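Notes follow the structure.
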Amino acid sequence: MLFIISGYLYAMHDGKPWKQRMGKRLRTLGLPYLIWSAIGMLITVIWQYFPFTMQFVQQAQLDQMGDNRPYWEMNWQQLLERWTLAPIAFQLWFIRVLLIYNALYPFLRWVVQKGAIIWLLIIGFFWLVTANVYFLEGEGLFFFSLGIWLQKRRNWIEEKPAWIYLPAVWVVFIGTSVAKTLLAFKLAPGVESSFWILSVLHKTTVFTGLIAIWYGLDRFVKWYQEQPWLVWMSGFSFIIYALHNPLVNYLMRMSTQFTQSVAYHRLFNFFIVPTIVILICIAVGAIFRTVLPKWYAITTGDRGLQ
């Protein structure tokens with residue numbers, strides 16, 4: 001959904017020079033990416049420093065390069081790779097990929113306008129099999145291109161097409177969600193047929209869920225917008241996104257160890273730990289925005305300033 005919106009909005013400003021737009025993107029995407037990647041490394045090295053918390057870092061196994069040694073045992077090239085290419089705050093992949101798509105936008109716009117159907121079919125297949133070519137993750141390229149296509153056809157994404165029958169979409173969404181979850185425990189692992197069955201079901205869930213939620217929750221959005229406290233909290237969505245990992249993974253491991261005697265402790269931690277982390281992120285964001293508003297703007301790319 002975020003990739004569709006990003007592609008759509010980016011395509012709305014074709015009147016501005018590409019070089020100017022990329023300069024702004026480097027400031028609002030590239031710089032926050034590097035800052036929050038460094039913060040994720042700082043959080044990790046603090047947890048690595050103490051033997052008690054180090055065990056939870058080892059259990060989490062979050063290093064994208066498969067090397068979970070303490071950072072002080074690595075050389076500067078390895079640290080540079082983890083800062084720029086493979087952040088421990090792995091959710092930042094979205095910013096990195098979005099920045100690449102923005103850089104490739106002139107080509108993407110051209111190919112969408114010249115051969116949209118063929119292009120969308122090709123990258124739709126990449127999305128289906130979750131194929132990646134270097135940093136061109138198939139997970140986002142399809143939807144970013146779809147956003148460009150929607151804007152160029154003047155299809156306003158807030159208006160539901162007449163041919164979409166939402167009750168049927170909801171049935172498929174919920175049905176495939178349940179089916180893929182049950183089959184994940186039944187199908188033989190490592191078998192090609194299992195991969196394809198689960199992949200098709202999962203991607204169907206994603207696509208129908210996107211349509212159902214985007215067009216089917218207008219009443220919820222209206223109610224949401226009428227709640228001042230929720231609107232205020234949503235202003236810190238970028239801080240929550242950027243800061244929650246790796247912290248939530250480390251705290252989850254710690255909490256799981258201390259609640260093993262509690263019935264359904266994994267389910268308990270699934271709800272409680274992320275909630276606590278979200279509240280911590282909001283508190284940090286509120287203090288940060290109040291005390292250092294200029295730095296807050298830099299680290300968030302001017303997001304959530306009001």
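In the range 59-68, is there at least one residue being assigned by TED's automatic domain parsing to the domain that holds Leu136 and assigned to a helix (DSSP H, G or I)? Walk me through how you get there before you give the answer.
Residues of the range 59-68 assigned by TED's automatic domain parsing to the domain that holds Leu136: 59-68.
Add one more test, that the residue is assigned to a helix (DSSP H, G or I), and what stays is 59-60.
Looking through the range 59-68, at least one residue is assigned by TED's automatic domain parsing to the domain that holds Leu136 and assigned to a helix (DSSP H, G or I).
Return a yes/no flag: does the range 28-35 have any residue that is of a type outside the set (Ser, Thr, Tyr), more than 15 Å from Thr300 (Cβ to Cβ) and part of a helix (DSSP H, G or I). No: zero hits.
For the range 78-96, a residue qualifies if it is free of Cβ contacts under 8 Å to residues at least 60 places away in the same chain, part of a helix (DSSP H, G or I) and not polar (S, T, N, Q), and the qualifying residues are Leu79, Leu80, Glu81, Arg82, Trp83, Trp93.
Just one of the numbered conditions (1) over 23 Å from the mean Cα position of the chain (by Cα); (2) in a helix (DSSP H, G or I); (3) surrounded by fewer than 18 Cβ atoms within 10 Å (Cβ to Cβ); (4) not small (Gly, Ala, Ser) is not true of Glu159: (2).
How many residues are without any contact (Cβ under 8 Å) to a residue 40 or more places away in the chain and closer than 22 Å to Glu159 by Cα when one looks only at the range 186-212? Lay out the reasoning, then the answer.
In the first step, residues of the range 186-212 are kept if they are without any contact (Cβ under 8 Å) to a residue 40 or more places away in the chain; the result is 186-198, 201-202, 204-209.
Now drop any that are not closer than 22 Å to Glu159 by Cα, which leaves 204-209.
Of the residues in that region, 6 qualify.
Could you tell me which of the residues Ala242, Ala212 is at pLDDT 90 or above, over 30 Å from Trp36 (Cα atoms) and within 22 Å of the chain's Cα centre (by Cα)? After ruling out the rest, the residue left standing is Ala212. Residue-level check: of (1) touching a residue at least 40 places away in the same chain (Cβ under 8 Å); (2) surrounded by 19 or more Cβ atoms within 10 Å (Cβ to Cβ), Val284 misses just (2). The single condition from (1) under 21 Å from the mean Cα position of the chain (by Cα); (2) not assigned by TED's automatic domain parsing to the domain that holds Leu98 that Leu141 fails is (2).
Test of understanding: among Trp119, Trp110, Trp47, which residue is over 23 Å from the mean Cα position of the chain (by Cα), over 30 Å from Asp14 (Cβ atoms) and in a helix (DSSP H, G or I)? Can you show your working first?
Working: Trp119 fails: over 30 Å from Asp14 (Cβ atoms); Trp110 fails: over 30 Å from Asp14 (Cβ atoms).
Within the list Trp119, Trp110, Trp47, the selection yields Trp47.
With respect to the stated conditions, Val133 fails to be in the same structural domain as Tyr10 (by TED's automatic domain parsing), closer than 18 Å to Ser6 by Cβ and of a type in the set (A, V, I, L, M).
Tyr10 falls short on exactly one of the conditions (1) touching a helix residue (DSSP H, G or I) at 6+ places or on another chain (Cβ under 8 Å); (2) surrounded by fewer than 14 Cβ atoms within 10 Å (Cβ to Cβ); (3) under 30 Å from Pro106 (Cα atoms), and that condition is (2). Among the residues of the range 185-229, the ones that are in a helix (DSSP H, G or I) and either among the charged types (D, E, K, R) or surrounded by fewer than 12 Cβ atoms within 10 Å (Cβ to Cβ) (or both) come to 12 in all.
The values are calculated or read from the model by the stated rules, or taken from the named source; none is laboratory data. Keep in mind it's a predicted model, so treat the numbers as computed, not measured. Glycine gets a Cβ as well: all are built from the backbone with ideal geometry, and neighbour counts include every protein chain shown.
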